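Structure first, commentary second.
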Amino acid sequence: MSFRITFDDSARDFILSAFGKTSRDGFIVEQCNTKQRVLNPRGEDIPTDEFAGIRKGSTIFVKSDIVSLIEAAQAIEAQP
Amino acid sequence: MLWEKLKAIGINIPKAIGINIPKLSKITGVDLSKLSSINGIRFSSLISIDRSVKVKIENSTVVIDPQALSRRERHEVILLLQKHVLPEAGAILHENTLPTVNAALEALPDLQEIASKLIPIIPPEDIPLLYACLFLRRKFQENMPVDTQKGEIVRVYGNRGRHFSNLCSAGYLETWFLPLYEELQRSFPDDPARARAIFRKFYANILKDLPWTEFVSTWAAPKKVTQHIVGKMKRNIELGVRYLNIHALGASNVKKVVRLLADVEKQTGAIIAKLDQDKTRIFVRLEIPPP
């Protein structure tokens with residue numbers, strides 16, 4: 001098994017803040033402009049409880065659906 | 001490399017937990033003299049009486065409590081995450097996703113063979129859909145539950161996603177889509193762009209309407225299923241397509257299909273060309289004989 005970097009609910013805000021984001025009114029938003037929701041590559045906003053992490057590729061925010069998680073797995077697989 | 005960087009900003013794993021390496025190795029069962037045996041880092045709150053505990057080892061994972069770090073350490077860790085951890089690991093993920101992500105990582109090499117044939121010919125926006133459906137098919141074949149994840153596909157891709165998933169699970173990627181494309185390539189050997197354009201047209205139509213297949217839903221009433229099948233077959237005849245394949249899963253669905261076949265045959269003039277069934281699944285190929 002390759003190396004995994006993970007977080008749990010208690011560290012979610014830390015991970016978000018590390019990438020300039022935060023949670024407001026149930027959605028992931030920009031820290032510097034909390035009215036601006038963060039979108040995934042499909043253009044969908046990300047409910048806080050569906051935030052599954054971040055993947056490489058211009059820092060992509062990942063939702064917890066199977067389509068997004070397979071894309072995250074591919075990002076991990078692509079690592080040398 | 002990551003360990004050296006953590007150490008450089010004062011997060012020295014053995015020192016942070018205040019135990020010498022051999023003792024820690026004995027307690028945790030992890031040989032910390034070979035930190036490469038550690039297989040992950042988890043960011044999580046560490047509940048401890050000693051508030052100086054900011055890092056500890058759990059099984060083969062280094063757990064870092066961001067709240068216990070000093071302001072400077074937090075800043076340094078954030079820089080590490082941005083500049084080294086994400087680029088080197090590929091992803092930073094909620095721990096709840098690990099079972100799915102690990103299963104996907106295990107499955108991906110096996111999915112490549114079929115995926116690599118379809119990726120050049122399907123619309124690029126459907127490539128994630130392709131992988132998700134191939135992954136689900138594999139889980140289904142291993143008798144693992146797939147309903148929740150299929151619902152997620154439908155939520156993302158709508159009915160097209162449901163149709164693609166059904167077609168994939170029933171084997172149509174290999175038995176219909178690829179042979180169709182190969183046939184088009186043979187028909188237009190000097191014009192691959194045309195072959196692909198025609199394929200995409202068929203593909204779009206099939207994913208939109210499933211014109212020659214019916215995947216019977218558990219929740220659909222028998223009368224509605226009959227109407228749907230008859231309607232499709234009548235439309236197909238107008239286009240010169242004289243068959244329809246019916247797929248159903250689950251004992252009650254199998255009974256439902258068996259009961260409605262006679263009515264469909266009566267209304268369309270179709271005959272059962274192939275019937276393959278057991279208690280939990282059924283496949284029926286209906287064909288309308290030429291006039």
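The values are calculated or read from the model by the stated rules, or taken from the named source; none is laboratory data. Bear in mind that the values here come from a model prediction, so they are computed numbers and not experimental data. Every residue, glycine as well, gets a Cβ built from its backbone with ideal geometry; the counts of neighbours run over all protein chains shown.
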Query raised in the report: When the residues of the stretch A:46-58 are filtered to those that are within 17 Å of A:THR6 (Cβ to Cβ) and in contact with a Leu (Cβ under 9 Å, 6 or more places away or on another chain), which remaining residue is farthest from the other protein chains (Cβ to nearest Cβ)?
Result: A:PHE51
Report summary line: Here the residues within the stretch B:113-161 that are buried (at least 16 other Cβ atoms within 10 Å of the Cβ) and of a type in the set (S, T, N, Q) are B:GLN149
**Report entry** Criterion violated by A:ARG42 - all others in (1) surrounded by 15 or more Cβ atoms within 10 Å (Cβ to Cβ); (2) within 8 Å of chain B (Cβ to nearest Cβ); (3) closer than 23 Å to B:ALA104 by Cβ satisfied
**Finding:** (1)
**Report entry** Selection count, the stretch B:210-245, where residues are of a type in the set (D, E, K, R) and in contact (Cβ under 8 Å) with a residue 24 or more places away in the chain
**Finding:** 4
**Report entry** helices (runs of 4 or more DSSP H) contained in the stretch B:172-291 and holding at least 3 residues surrounded by fewer than 15 Cβ atoms within 10 Å (Cβ to Cβ) and in the same structural domain as B:ASN159 (by TED's automatic domain parsing)
**Finding:** B:178-187, B:192-209
Query raised in the report: Pick from the stretch B:74-97 the residues that are touching a residue at least 12 places away in the same chain (Cβ under 8 Å) and over 23 Å from A:LEU69 (Cα atoms): which of them is farthest from the chain's Cα centre (by Cα)?
Result: B:GLU76
Report task. For B:PHE164, state whether it is within 20 Å of the chain's Cα centre (by Cα), assigned to a helix (DSSP H, G or I) and surrounded by 17 or more Cβ atoms within 10 Å (Cβ to Cβ). Result -> yes
Query - Residue in the stretch B:100-116 that is closer than 20 Å to A:THR59 by Cβ and not assigned by TED's automatic domain parsing to the domain that holds B:GLY40 present - result: yes
Query raised in the report: Which of the residues spanning the stretch A:50-68 are under 18 Å from B:ILE153 (Cα atoms) and either touching a residue at least 60 places away in the same chain (Cβ under 8 Å) or among the charged types (D, E, K, R) (or both)?
Result: A:GLU50, A:LYS63, A:ASP65
Query - When residues of the stretch A:10-38 are limited to those that are free of Cβ contacts under 8 Å to residues at least 12 places away in the same chain and in contact with a strand residue (DSSP E or B) (Cβ under 8 Å, 6 or more places away or on another chain), the one farthest from the other protein chains (Cβ to nearest Cβ) - result: A:LYS35
Query raised in the report: Counting only residues that are in contact with a helix residue (DSSP H, G or I) (Cβ under 7 Å, 6 or more places away or on another chain) and crowded, with 22+ Cβ neighbours inside 10 Å, how many does the stretch A:66-80 have?
Result: 8
Query - Residues of the stretch A:69-79 satisfying the condition of being free of Cβ contacts under 8 Å to residues at least 60 places away in the same chain and either more than 7 Å from every other protein chain (Cβ to nearest Cβ) or over 21 Å from A:ASP13 (Cβ atoms) (or both) - result: A:LEU69, A:ILE70, A:GLU71, A:ALA73, A:GLN74, A:ALA75, A:GLU77, A:ALA78
Query raised in the report: Counting residues that are more than 10 Å from every other protein chain (Cβ to nearest Cβ), which helices (runs of 4 or more DSSP H) fully inside the stretch B:80-144 reach at least 3?
Result: B:98-118, B:127-141
**Report entry** Flag for A:LYS63 being crowded, with 21+ Cβ neighbours inside 10 Å and more than 7 Å from chain B (Cβ to nearest Cβ)
**Finding:** yes
Query raised in the report: In this structure, does A:GLY20 turn out to be on the phi > 0 side of the Ramachandran plot, within 11 Å of the chain's Cα centre (by Cα) and not polar (S, T, N, Q)?
Result: no
Requested in this report: Identify the single condition in (1) surrounded by 22 or more Cβ atoms within 10 Å (Cβ to Cβ); (2) at pLDDT 95 or above; (3) not acidic (Asp, Glu) that A:PRO47 does not satisfy, given that it satisfies every other one.
Outcome: (1)
Query raised in the report: Would you call B:ILE57 among the aliphatic types (A, V, I, L, M), in contact with a helix residue (DSSP H, G or I) (Cβ under 6 Å, 6 or more places away or on another chain), more than 9 Å from every other protein chain (Cβ to nearest Cβ) and in a loop (DSSP other than H, G, I, E, B)?
Result: no
Requested in this report: Kindly establish whether B:SER25 is small (Gly, Ala, Ser), modelled with pLDDT under 85 and either outside the structural domain of B:PHE140 (by TED's automatic domain parsing) or touching a Phe, Trp or Tyr at 6+ places or on another chain (Cβ under 6 Å) (or both).
Outcome: yes
